[in-house]
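One structure is given below, encoded as C-alpha cells.
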Amino acid sequence: MPPPSPLIFSILCFLSVFIFTSSSTPNTITLPLSHLFTTHPSSHPFHTLKLAVSTSLTRAHHLKNHQPNPPKTQIHPKSYGGYSIDLNFGTPPQTFSFILDTGSTLVWLPCSSHYLCSNCNNFHNSPKSFIPKNSSSSKFVGCTNPKCKWVFGTSVESRCCKQNSATANCSQTCPAYTVQYGLGSTAGFLLSENLNFPGKLLPDFLVGCSIVSVYQPAGIAGFGRGPESLPSQMNLTGFSYCLLSHQFDDSPETSDLVLHTSSSDNKRTNGVSYTPFRKNPSSKNPAFGAYYYLTLRRIVVGEKRVRVPKRLLEPDVNGNGGSIVDSGSTFTFMERPIFDLVAEEFARQVNYTRAREIEKKSGLSPCFVVSGTATFPELRFEFRGGAKMSLPLTNYFSLVGKSDVACLTIVSDDVAGPGVAAGPAVILGNYQQQNFYVEYDLGNERFGFRSQSCKTRV
C-alpha cells in the first residue's frame, strides 16, 4: 500500500487531534490555541496586535459600507442658455446630446431619417437623428404596455384599443405624444430601447422618438418627477451637478452630473445647506406634478428684506404660486408682483444711472450705466429650514454686450396686478445656479446647495 498523500496525511493528523481531545464534553471541539503573535526581537508584540486589530476593523467597514463609484457623465454649457449631457441609445450605441431639464419628465431624441425641426436655424448645429432600424434593440411601445400609461394615463387602452365582448384586440402601438416647452414643442412615438450609461446598461428604457419639433436645439432628458423620467427609470436616489459659468457659447469645458444609486441614510454632504422639497400641489394640470417645489421664505436685497406677500410664495390648491427649481430655464423668473418689488429695491439702493434704452432693447430691467468696478447689493434667497443662497454678483447682474451697462438677469412677463398668474410664481433658473454644487436628494426629499467653483470636480 503506498504512503498517504500530503493532503490526506494532514487530514488524518487533524482528525487524530479531534478524536483525542473531544471526548471530555459532548458537542464541543477543543483544539490547541495558537498564539496571536510571535514575539519578534525587534518589535513590541502589542504594536503588531494593535495593527492587526486596526486593519481588520478598517477592512470590515470597507466591506460593510463599500459602494461603487456612482455613475456620472459630463455637462456641457451651451450657447442657447442651457446645459446638455450625452447619452447613448441603441445596439450598437448611438450617441446624442440632451438638454438637462429638471422641469419635465420625458426623455426624447430626434428620430428617423425624416426628422423635421422648424425654427431651428438659430442654433449652430442641426441635431442628428436616431435611426431605429439601425438598432437591434429598438421596439415600439404597445398600447397595453404599462409604460404607455406613464405618459398617457390609465385610460389610454380605451383610446387606442378595440374592445369587444369576447376578446380584447389590442395590437396597436401607444399613441403619438406631443410635449410643449415654452417657445418650442416636439411630437413623436414611444420606443423601448437600451440606454448605455457609463458602466451600466438599462434595457427597455422608455424614450421618445420625435419626428417633428419646433425650436428645439437638441433632445431633452427629463429629470423631473414622474415614472418616465430618467431618475425614475434608473431608480436613482438622487443626482447632483455643478453648472459652469457660461457666456452663452459652446464652451469645451465640462463639469460633472453625478447619479446617486444608493441611499444616503439622511447623511449631509460637507458644506451643503438643505431645504426640504415641498409637496407638489394637487392640481388638474399634470405638468405641476413634475416640478421640484421649494419653500422660499424670504428674498433679501442688501440687508433689506423684500416684503413679498406670503400668498405669492406658496402654491394654492390649483398649483398657482410657489417656487420651483428648473435647470431648463436660463434666467430666474418671477411673477410681476414679486419682480417689481425686487427691482424697485435694487433701484432704491443703487446709485448708478438707469440705462433705459438698453432695457428696451434687451428685455432686461433694471439696467445701470457702470464704470470700472461695479458694486451692487447682495441678492439672497432664504428657504425653509434656514438654507440661505447668497448669489455671486455675476449670477444676477451681467454686462450687456460690449457696453458699460449692467442688467439684472431676472425676468418677468407683462402680467401686472396683485394676483398670481397660472403656475409657479418663482422659477429658479440655471443662470442663478452657476458655480453652485446642487443636490437633488430624492431619497430624503430635500434640495441642497453649496457655493463653489464648478471647475473643481465634485
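For region 264-451, the share of alpha carbon pairs falling in successive 5 Å distance bins from zero is 1, 8, 16, 20, 20, 15, 10, 6, 3, 1, 0 percent.
Within the accessible area of region 264-451, what % is carbon and sulfur when the probe is 1.4 Å and the other protein chains stay in place?
Working: 4240 of 8710 Å².
Its accessible area is 49 percent carbon and sulfur atoms.
Give K402/K455; K72/K455; K78/K455; K149/K200 a once-over and call out the pairs whose C-alpha atoms are over 19 Å from each other. Going by Cα-Cα distance, K402/K455; K149/K200 fall outside the 19 Å limit.
In this simple spin-label approximation, H114 and N88 carry label points 7 Å from Cα along the Cα→Cβ vector, and these lie 3.1 nm apart.
Approximating the spin labels as points 7 Å out from Cα along Cα→Cβ, the D204-to-K388 distance works out to 5.1 nm. Phi angles of region 367-379 translate, via the Karplus equation with coefficients 6.51, -1.76, 1.60 and θ = phi - 60°, into HN-Hα couplings of 10, 9, 7, 10, 9, x, 7, 8, 10, 10, x, 5, 10 Hz per residue; Gly and Pro are given as x.
Simple spin-label estimate for K360 and S403 gives 1.1 nm between the two label positions (7 Å along the Cα-to-Cβ direction from each Cα). For region 264-451, the solvent-accessible area with a 1.4 angstrom probe is 46 square angstrom per residue.
Judged by the mean number of other Cβ atoms found within 10 Å, the most tightly packed of the peptides 224-231, 383-390 leads the ranking 224-231, 383-390. Enumerate by residue number the GluC sites (Glu not before Pro) in region 344-430 meeting two conditions: DSSP loop (anything except H, G, I, E, B), and at most 16 other Cβ atoms within 10 Å of the site's Cβ. Those satisfying the criteria are E378.
Sort the following peptides by mean Cβ neighbour count (other Cβ atoms within 10 Å, averaged over residues), highest first: 175-184, 400-409.
Numbers: 175-184: 14.4, 400-409: 17.0.
Going from most to least packed, we get 400-409, 175-184.
Taking all protein chains as shown and a probe of 1.4 angstrom, D413 keeps an accessible surface of around 50 Å². Looking at region 111-263, the accessible area is 49 square angstrom per residue; that uses a 1.4 Å probe and ignores ligands, DNA and RNA.
The values are calculated or read from the model by the stated rules, or taken from the named source; none is laboratory data. Quantities reported herein were computed from a predicted structural model and do not represent experimental measurements. Positions of Cβ are generated from backbone atoms using ideal geometry, with glycine treated the same way; all protein chains shown enter the neighbour counts. With ligands, DNA and RNA removed, areas are computed over all heavy atoms of the protein, side chains included. Shrake-Rupley method; radii C 1.70, N 1.55, O 1.52, S 1.80 Å.
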